[in-house]
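As structure tokens, the structure follows; a few thoughts come after it.
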Amino acid sequence: MKHRTIIHVRFYELDPYGHVNHSVYIQYFEAARVRWLTEVGFSLDRLQDDGIQLVVAEINTRYLGSAGPDDELVVETELADLRRVSMTFEQRILRAGETLVEQTISAACVNEAGRPIRVPGPLAAALASD
């Protein structure tokens with residue numbers, strides 16, 4: 001199931017050419033993943049209270065187009081793979097149905113000491129069923 005988050009481009013996210021800066025797209029993707037986690041009951045605060053951290057292990061981003069001032073963007077996020085201690089998300093940013101940016105991101109589940117731990121069953125179930 002794809003989760004959708006709407007983002008409105010703000011003027012300070014633009015580069016000198018009037019396009020969204022490439023690094024800002026990564027922030028959009030992060031905001032969308034965090035929103036999805038929150039909506040399925042696993043906010044970052046809850047995860048932290050449970051002694052769980054999701055840390056990024058790898059990001060692959062492909063830029064196909066650019067967004068500009070006041071554009072309304074849709075970030076689609078879906079779980080592509082779930083393993084014992086890690087998960088991979090596939091994400092896209094669209095403007096009026098056109099894909100501008102694609103990203104694949106892998107995250108590991110670790111404890112407060114940074115040691116890998118099994119993805120908690122309730123979190124896995126929430127992401128897989130949404």
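The values are calculated or read from the model by the stated rules, or taken from the named source; none is laboratory data. Note that this is a predicted model, so its numbers are computed, not measured. When we count neighbours, we look across all protein chains shown, and the Cβ atoms used for this are built from the backbone with ideal geometry, even at glycine. Keep in mind that these areas ignore ligands, DNA and RNA; they rest on the heavy atoms of the full protein, side chains included. Shrake-Rupley method; radii C 1.70, N 1.55, O 1.52, S 1.80 Å.
Placing pseudo-labels 7 Å out from each Cα toward the beta carbon at A128 and S43 gives an inter-label distance of 2.7 nm.
Accessible area per residue for the chain in Å², computed with a 1.4 Å probe and the full protein assembly in place, what is it? It would help to have the intermediate numbers written out before the result.
Values: 7410 Å² over 130 residues.
It amounts to 57 Å² per residue over the chain.
Distance between the modelled labels on I117 and E98, one decimal in nanometres: 4.5 nm (7 Å Cα→Cβ projection).
Could you estimate the translational diffusion coefficient of the stretch 3-80 from the Stokes-Einstein equation, with Rh from the Kirkwood formula over C-alpha pairs, at 20 °C and 1.002 mPa s, in whole µm²/s?
153
Just so you know, the Cα atoms of the stretch 15-59 work out to an Rg and Dmax of 13.8, 44 Å. Each label was represented as a point 7 Å from its Cα along the Cα-to-Cβ direction; for I6 and E78 these points are 2.2 nm apart. Ligands, DNA and RNA aside, D70 has an accessible area near 130 Å² when probed at 1.4 Å. Could you compute how much accessible surface E90 exposes when probed at 1.4 Å, giving the result in Å² to the nearest 10? In the full protein context, E90 sits at about 90 Å². To put it simply, the accessible area of the chain at a 1.4 Å probe is 48 percent carbon and sulfur. These residues, Y17, Y28, Y63, Y12, go from largest to smallest accessible area, 1.4 Å probe, as Y17, Y12, Y63, Y28.
For the chain, the pair-distance distribution built from all alpha carbon pairs, in bins 5 Å wide starting at 0, is 2, 10, 21, 22, 17, 12, 9, 5, 1, 0 percent.
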